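The values are calculated or read from the model by the stated rules, or taken from the named source; none is laboratory data. This is a predicted model, so every value here is computed, not measured. Every residue, glycine as well, gets a Cβ built from its backbone with ideal geometry; the counts of neighbours run over all protein chains shown. Heavy atoms of the whole protein, side chains included, go into the accessibility calculation; ligands, DNA and RNA do not. Shrake-Rupley method; radii C 1.70, N 1.55, O 1.52, S 1.80 Å.
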Amino acid sequence: MKTSEWLKKYDITLKKKFGQNFLNSNNIPLKIAEKSGLTKNDYVIEIGPGAGTLTEELLKSAEAVHSFEIDYTLIPLLKDRFKDYNNFILYNIDFLEYNLSEFNEKHPVYIANIPYNISSPILEKIFTETPDFKYAVLMVQKEFGERVAAISGKDYSPLSIFVQTYCNVKKLIDVPSSNFIPQPKIDSVVIKLEPHNLYGKTDKKFFDFVHRCFSQRRKTIKNNLKNFCGNSDEILDKLEISPMTRPENISVDNYIKMFDLYKKMNP
Ligand code: SAH
């Protein structure tokens, strides 16, 4: 049975407050499963299964699929739709409220078309509670995907640096808005995040530091740094970064190095 028929059968009206734009295409879930590199051994966590269009594809290819759905009105539909799959585990709970640490040792794979309004908190939660996750393939708003992937310039932001300190970012699929019901005004993109472990564990203080460096994006790095750090000249000089550089033109690598020096000089 198709998703539209399931929605009719259970008389579901979609809710804006939960960011409900459901996939209305079998082709996109198929592409996601294929391009993500999903295997039979993978232990999948899905955020927001909705009516299960993507879930169905994941269940065919993975060892287990743990799906977190906040909207209780979708639960009977999902249970019915996947009653023949014994690898389907459904949680009727707010994903942001659930402690994921128990999944870490399974090296979970995240695959989801996520609720776009909570994209940043979802990433933060994945990275901090399951740092040993294998990879994450997420459908996000196109602009969000561009910010995550940017390596300099106007889209480059603390978000880009936050993600890239943990992961390599790859764009997998462009998804035009015509693939959803109701059809949203925005386009989407599927990205893959794979942890690289280049920088070991980064702490919250690093991200506070980055946020402060970006607090006045149009100003130079020196101007931003000197607001909270007495050694701005010395740090920039040591790393051979011109004081006139804008924060959006400094690499992830250099932010890590700047923070190391900052920590040493301000213990
Ligand atoms: N993956 C489905 C639905 C995407 S819409 C599809 O592609 O068709 C986003 C889904 O996330 C909705 O089902 C919504 O109810 C659910 N959702 C929103 N906020 C959530 C949260 N905090 N925790 C779990 N699910 C959430």
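At-a-glance table
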item: With Cα atoms, 0 to 90° folded angle of helix 27-36 axis to the chain main axis; result: 50
item: Accessible-area composition of the chain, carbon plus sulfur, in percent [1.4 Å probe]; result: 48
item: Cα-Cα over 32 Å, subset of K170/K219; K40/K257; K16/K205; result: K40/K257; K16/K205
item: Net lengthening on full extension, N254/E102 (0.36 nm per residue, minus Cα-Cα); result: 51.3 nm
item: Among N168, T13, T39 the positive-end extreme of the charge dipole of the range 3-195 (Cβ point charges); result: T13
item: Mean residue ellipticity (222 nm) of the chain, computed from DSSP H runs ≥ 4 via -39,500 (n - 2.57), nearest 500; result: -10500 deg cm²/dmol
item: Accessible solvent surface per residue of the range 137-230, calculated while the other protein chains remain in place, 1.4 angstrom probe, Å²; result: 51
item: Förster radius 41 Å - calculated FRET efficiency between Y199 and N26, Cβ distance, rounded to 0.05; result: 0.55
item: Amide N of the range 102-121 lying under 11 Å from the label point, which is placed 7 angstrom from the Cα of Y91 along Cα→Cβ; result: 102-104
item: DSSP-defined beta bridges in the range 3-195 - what % are antiparallel, rounded to 5; result: 50
item: Chain lengthening between L239 and K83 when straightened (0.36 nm per residue, less Cα-Cα); result: 50.3 nm
item: Residue-span extension gain [S215 to E5] - 0.36 nm each, minus C-alpha spacing; result: 70.7 nm
item: Quotient of C-alpha Rg and 2.2 N^0.38 Å, computed over the chain; result: 1.13
item: Simple Cβ-charge dipole of the range 3-195, Lys/Arg +1 and Asp/Glu -1, about Cα centre, in debye nearest 20; result: 480
